[in-house]
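Just so you know, all these numbers are worked out from the coordinates, no wet-lab data involved. A quick note: this is a predicted structure, and the numbers were derived from the prediction, not measured.
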Amino acid sequence: MPYLMGGFPDLQTSREIGLAYADAGADLVELGVPFSDPLADGPVIHAAGTAALRAGATLPAVLEVARTLAEHVPVVVMCYSNVILARGLERFADALLACSVSGLIVPDLPFEEAQDTFRACEARALALVPLVAPTTREERLAAIGARARGFLYTVALTGTTGERAGVDSGLAAVVARTAAHTEVPVAVGFGIGTPAQAAAAAGAGADGVIVGSRLVRAAGEAEDPVKAVAELVREFSMALR
């Protein structure tokens, strides 16, 4: 599942990048809504969000990107709480539904405060995808796993998003512990930046692999960002198959 920052480097190019993801073998696309204080994100994705906002990206515009992509591949929107609260939870959920979005990730929404969001999503058959970390306690992991829909986003390491030198040697234990507490697929993200690392995550038992910073960096650095990310996604896809 490649990550796409909506509106980066601009709205039209981000739409083309998302379509290239789908053509290159993506099974899902995680579409990020740019936000001024993205606490879960490292410097690459943070900078992309800032650039998207400066270029005029808005929530309605990003959701129009989602509408286009959803004709080709399932789309899960990643959005911070303040953006949702500013629009209103019910209106926000209705907007996702209208654009054929399949699910929602809210990285700064604690599970204990997520019940209204769970209800709003379930009423519209949207999957609210929670996150768990290597440090999540057993009892809390069981509660989160029981409510997870779509898949369970398993953070591979402690820290923010970003490329790392390798996959943590303890990842298999983290994945196994997570899988034991849920009936939905377990997807691993944070720190996966090479096809070899993606294959290692799959080898550790992950049902899905989320790749973000590496693709966003390519989109920002390449002369032809659409071609560059398509080649990368194809490499990731081949490594996983």
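Out of (i) 7, 29, 31, 19, 11, 3, 0; (ii) 8, 35, 39, 17, 1; (iii) 8, 32, 37, 19, 4, 0, which label holds the value of P(r) over Cα pairs in 10 Å bins from 0, in percent that was computed here?
Working out P(r) over Cα pairs in 10 Å bins from 0, in percent from the coordinates points to (ii).
If amide H atoms are built 1.01 Å from N in the plane of the peptide, which residues on other chains or at least 5 residues away come under 5 Å of the amide H of Leu4?
For Leu4, the qualifying residues are Glu30, Leu31, Gly32.
Relative contact order, percent, of region 1-44 when contacts are C-alpha pairs under 8 Å separated by at least 6 residues? Numbers along the way, then the final one.
Values: 41 pairs, mean separation 20.5, N = 44.
About 47 percent, as a whole number.
Counting only helical runs of four or more DSSP H residues, what would the 222 nm mean residue ellipticity of the chain come to if each run contributes -39,500 (n - 2.57) and the total is spread over all its residues? Each step should come with its number before you reach the end.
Values: 11 runs with 115 residues, N = 241.
Taking each H run of at least 4 residues, the total per residue is -14000 deg cm²/dmol.
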